[in-house]
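Asker: Okay, handing you the structure first.
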Amino acid sequence: MRKILFLFSIILLTLSSCDKAFVNGDLDGMWRLEKIVGDDGDIFPQRVYYSFQRHIVMFGEYYTEGTPHLYMGNFNCEGGTLTMNGFKEYPGVADVCDAAVLERFGIYNPAGVTFDIDLLNGNTLVMNADDRVYYFRKW
């Protein structure tokens, strides 16, 4: 009986040590950008997704066929504020300097953007920046 308990405890310790912590709570995971509301009208992006994991954000346009257009950057989320910067094309290391590329994803400043988080739960993310409100749905 002791050998079985010992083996069972070793298995449990091994499995629990492989888990990676979700350091961002409900923010971690993949989000679909549903709508951007601004003074210049509403924008409904097609197939635009953001993925937040640890301190890296990956975003892109996904297609049913073909290669997605993917970009990545760094982010920090503290006290209801989310800051993203350091945007690069993925895969690769080329910096994204063309503002028109990032605008497809709702990022209007290639140097970085700071969002105020209005709502964050397991299904919904609402943020605002530069007089625009961004609506996301957990994917």
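All of the numbers you see were taken from the coordinates with simple rules; none came from a lab. Note that the structure is a prediction, hence the values are computed from the model and not measured. Neighbour counts run over all protein chains shown; Cβ positions are idealised from the backbone, glycine included.
Asker: Can you find, among VAL37, ASN76, ALA111, the residue sitting farthest towards the positive end of the charge dipole of region 21-138, where Lys and Arg contribute +1 and Asp and Glu -1 at Cβ?
Answerer: Projecting each Cα onto the dipole axis, the largest value belongs to ASN76.
Asker: I would also like to ask the following. At TRP139 and ASP28, where each label point lies 7 Å from the Cα along Cα→Cβ, what is the point-to-point distance in nanometres?
Answerer: Each label point lies 7 Å from its Cα, and together they span 1.9 nm.
Asker: For region 21-138, give the magnitude of the charge dipole about the Cα centre (Cβ charges: +1 Lys/Arg, -1 Asp/Glu; no others), in debye to the nearest 20.
Answerer: 420
Asker: Taking just the C-alpha trace of region 21-138, give me its Rg and Dmax in Å.
Answerer: Radius of gyration, then largest Cα-Cα span, for region 21-138: 13.4, 40 Å.
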